[in-house]
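Quick note: the coordinates plus some simple rules give every number you see, no bench work behind them. Computed from a predicted model, the values in this text were never measured in an experiment. Neighbour counts run over all protein chains shown; Cβ positions are idealised from the backbone, glycine included.
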């Protein structure tokens, strides 16, 4: 049986998250860093090819409900993927590791500080049960690069530079590409801010805002 999720705290001035487990250690996913775009994308930018292997880092903000009380979490993340593996690290504003998620074919592992690893075949179910709010890791492999599959099962590809291009998924996520940035090294235009929203029974309306700070092809 999976361990109960832990305690997270939001930015100063926001309601402190309620305890998600009796033996949990207080962890911060705080920090009120802004999420504004740094560089405007060219309106004539071409769509970059999908990369199976890529390293991404940035900031993440999450809003959800717990016991009918609004909760806010803020922090940073490091994302690394290859053709057969995905690794995600969530960090507090002080650089402390809050959770790590590793996905390989047929198995996902989630580790939180001070707790035994949790293992499950479905990474999205594992994240929701362990964190207390849904994190669509499986979809993010495509979404972070402007790709996805819509609710009708059709491929979606956001047009670089088209702010607020969006699509909805079969499992209820709304994916919005709020703005874009130009990579000075490659000259390619990639998503800068991605907004994810979904109505859930577990955590009410969940809003996840992702701001990408750096891209690197291994």
Neighbour-count ranking [beta-carbon atoms within 10 angstrom, fewest first] of 80, 72, 151: 151, 80, 72
Descending Cα extents along the principal axes, region 138-218, whole Å: 43, 26, 25
Gained length - residue 171 relative to residue 78, 0.36 nm times residue gap less alpha-carbon distance: 31.0 nm
Sort out for me the Cα centre separation of region 64-124 from region 167-210, rounded to whole Å. 17 Å
May I ask you to derive the FRET efficiency for residue 49 and residue 214 from their Cβ-Cβ distance with R0 = 25 Å, giving the value to the nearest 0.05? 0.85
Mind giving me the FRET efficiency for residue 104 and residue 57? R0 is 25 Å, r the Cβ-Cβ distance, nearest 0.05 is fine. 0.70
Evaluate the relative contact order of region 171-218 (contact order divided by residue number), counting alpha-carbon pairs under 8 angstrom at least 6 apart; express in whole percent. 31 percent
Could you pull out which residues in region 170-197 have an amide N less than 14 Å from a spot 7 Å beyond the Cα of residue 152, following the Cα-Cβ vector? 170
